[in-house]
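Some notes on the structure that comes next.
Values quoted throughout were computed directly from the atomic coordinates according to the rules given, and no laboratory measurement underlies them. The shown structure was predicted, so the numbers you read here are calculated from the model rather than taken from an experiment. Cβ placement follows ideal geometry from the backbone for every residue including glycine, while neighbour counts extend to all protein chains displayed.
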Amino acid sequence: MADILAWAGGGFVIIGAALSLLGAIGVLKFPDVYTRIHAASITDTAGASMVLLGLCLIAGLSLTTLKLVFIWMFVMLTTPVSANALANAAFGSGHKPRIGAFQIMRTDERRKTPRGVDAP
Amino acid sequence: MITLPASINASLVLDIVLLVMLLVVAGAIVRTRSLLAAIILFGVYSMISAIWLVVMDAPDVAFTEAVVGAGISTIVLLGAILLTRGETEKSDWRKLIAPALICAAVGGVLIYAAMGLPDLGDASSPANAHVGRAYLEGTAKDIGVPNMVTAVLASYRGLDTLGETAVIFAAGIGVALMLGFGPRSSLASPPSNLGDRHVTLRVAAKLLIPLIALFALYVQFHGDLGAGGGFQAGVIMAAAITLHALVFGLRETMAAIPSRVARSVASLGVLIYAGVGVVCMINGGGFLDYDYLFPPAVEAQIPGWILGDGSHAPHWGQHAGILLIEIGVLLTVTATMVTVFYGFAGRTVDDARREAKR
Amino acid sequence: MSFFAMHFNYIVVVILLMAGLFLVFSSGNLIKRMIGLAMFQSSAALFFISLGKVSGGTAAIAVAPGSTEARALASQLDPAYVAQVGVEGVVYSNPLPHALILTAIVVGVATLAVGLAIAVRIREAFGSVEAKDIDVLSRVEATQPGPQA
């Protein structure tokens with residue numbers, strides 16, 4: 001039984017790592033400040049939750065699991081709030097969301113875009 | 001076929017991967033011209049260092065590096081570029097040749113010297129086989145706290161730590177003298193309609209700040225039993241106070257913790273630390289020799305069952321001494337970080353008002 | 001090859017040291033120089049901690065036999081090792097470098113704050129934090145005493 005839990009825990013940790021990697025790719029590839037914030041925060045919340053769930057399964061029923069649950073609650077509280085604060089700051093400094101049909105830019109297109117309000 | 005020796009294991013692989021990431025981030029810091037990017041990258045560098053420190057079996061140091069690197073250091077650097085400039089000027093590549101050559105030459109000599117250092121993880125290296133080993137074996141007999149890093153920091157090397165605490169205090173005084181003790185006259189009150197945009201942040205901060213302060217106290221008092229101690233707790237408490245100032249405005253925070261209170265608490269911390277040493281000297285021992293903290297008559301009165309283990313001699317002096325000096329360190333570190341923050345933040349407000357008057 | 005792996009830490013330390021030093025030498029901006037100095041301090045911390053690592057070791061917190069930590073540790077260690085030595089014989093990493101570096105990190109950030117405070121005052125006195133501007137301006141001011149004198 002403990003073996004199955006350990007394997008399942010490991011699987012969840014790998015899923016969490018993959019989600020965090022997707023978040024990082026999203027931050028690099030998305031064209032707009034707001035979509036980048038979305039990518040970073042969504043996948044960090046989900047990625048961190050998966051990793052913590054996996055670690056809870058590996059640790060079994062013990063004090064470590066309780067501490068991991070507290071860490072999860074803390075992450076759930078802070079990550080969305082910081083994403084909100086970031087989006088607020090971006091809005092307050094004048095970044096307008098890009099609306100309308102556009103595609104994820106390829107690298108050569110990114111360079112040709114004039115340095116407008118979305119410049120990093 | 002390359003046969004790997006048995007000592008190459010998961011820990012070493014993690015170590016190498018994390019160090020490569022550190023190198024990449026360091027390269028990015030050197031190359032970027034925007035100071036804001038350099039500061040954020042430096043925060044990332046500190047975070048990766050913190051993970052690496054956990055892999056290297058140093059949870060106390062990882063704690064400190066995480067809070068200091070991602071918290072205080074970033075705030076202070078951001079305050080500095082707010083008051084100066086956000087970008088460096090483009091430098092001529094020809095001017096970079098001489099420094100690059102010097103650094104390459106010195107680096108080459110150092111790498112040649114580093115080849116003679118012992119292997120990573122060698123238990124019989126001079127660093128690990130003599131003094132370190134003596135501390136590991138002696139802590140249970142001499143001091144009786146489970147956390148051997150705290151035992152070394154607070155008891156075996158207590159005088160060093162007193163010096164470091166005094167340096168932190170002096171640095172706080174230095175910053176306060178140069179940047180001011182916070183805004184002199186009363187700050188303009190925050191606009192009454194803060195707007196609903198920031199309500200999420202305010203509510204979350206109200207939930208988090210007491211929890212962070214509680215966690216700081218937990219880290220402080222569990223420094224004997226697990227990873228933790230006065231330095232980590234001081235920086236975490238200062239992070240809670242800084243968070244309050246960032247969300248609710250400097251005026252609210254300075255109303256709660258005026259700058260003269262911060263200064264007095266900082267000096268009180270150093271006073272407590274040195275005072276413990278003097279009390280030990282009065283009772284007949286050396287400076288900071290905690291075995292002499294209580295006079296023998298007092299120590300005989302303390303019942304042995306309080307600590308729960310009657311099998312070996314209770315180290316009352318050591319436990320009490322470590323507790324007191326860690327409190328001193330907590331007070332000094334917290335108050336110094338708060339003073340530094342007030343210095344940088346207060347300057348901005350002063351400048352802004354002076355600009356507005358012109 | 002394993003020699004390189006075992007000494008990789010020290011090579012990285014030297015590279016980071018030189019990167020910090022390069023920033024201090026070559027960057028004109030005072031703030032960037034302070035960041036370089038902070039990188040220099042951090043790589044010195046890396047060096048100390050690398051020296052203190054003992055392979056197969058754990059954090060230098062005494063494991064009470066029979067506690068949850070002991071059980072967790074026993075499950076990670078090689079069963080043959082545990083059978084031979086027991087959890088009481090657990091290997092710890094050297095605590096001395098950890099204690100030294102812990103205080104050094106906090107002192108490092110305090111002195112970083114002092115350096116940045118000086119940079120802020122220089123900006124207010126001379127109007128710039130670029131080294132070449134300050135050089136020129138301080139020489140100009142030396143010949144004619146400015147209004148702040």
Quick one: what Rg and Dmax do you get for segment B:1-154 from the alpha carbons, in Å? 20.3, 62
Mind checking which lysines have their C-alpha under 19 Å from A:LYS96, skipping anything on the same chain fewer than 8 residues away? A:LYS29
Note on chain B: contact order normalised by length, alpha-carbon pairs under 8 Å, 6 or more apart, percent, works out to 21
Per 5 Å bin, what percent of the C-alpha pairs of segment B:74-157 does each bin hold, from zero upward? 3, 10, 11, 8, 8, 10, 11, 12, 12, 9, 4, 2, 0
Please report, ordered by residue number, every helix of chain B (full DSSP H runs) that is 24 Å or longer along its axis going by C-alpha atoms and whose mean Kyte-Doolittle hydropathy reaches 0.0. B:10-31, B:35-55, B:97-114, B:158-179, B:199-221, B:230-248, B:259-282, B:316-357
Quote to one decimal, in nm, the extra length available between B:LYS141 and B:ASP160 on full extension: 0.36 nm per residue of separation minus the C-alpha distance between them. 4.7 nm
Lys and Arg at +1, Asp and Glu at -1: neighbours of B:ALA170 with Cβ under 13 Å from its Cβ sum to 0
Taking A:PHE91, B:PHE63 and counting other beta carbon atoms within 10 angstrom, the fewest-first order is A:PHE91, B:PHE63
Where does each of A:THR43, C:THR143 land when they are ranked from fewest to most other beta-carbon atoms within 10 angstrom? C:THR143, A:THR43
Most exposed first, judged by fewest Cβ atoms within 10 angstrom, B:ARG260, B:ARG251 run B:ARG260, B:ARG251
Separation between the B:VAL24 and A:SER62 pseudo-spin-labels, each 7 Å from Cα along Cα→Cβ, expressed in nm? 3.3
Return the inverse of the average 1/r over all pairs of distinct C-alpha atoms in segment B:8-87, which is the Kirkwood hydrodynamic radius, in Å to one decimal. 13.4
Straight-line reach only, C-alpha to C-alpha below 23 angstrom: list the lysines that C:LYS32 could link to, leaving out same-chain residues fewer than 8 apart. B:LYS90, B:LYS95, C:LYS132
In cubic angstrom, how much convex hull volume per residue do the alpha carbon atoms of segment A:2-112 span? 104
Give the shape of chain B as rounded, prolate or oblate, defined through the alpha-carbon gyration tensor: a ≥ b ≥ c are the square roots of its eigenvalues, a/c under 1.5 means rounded, and otherwise the shape is prolate if a/b is larger than b/c and oblate if not. oblate
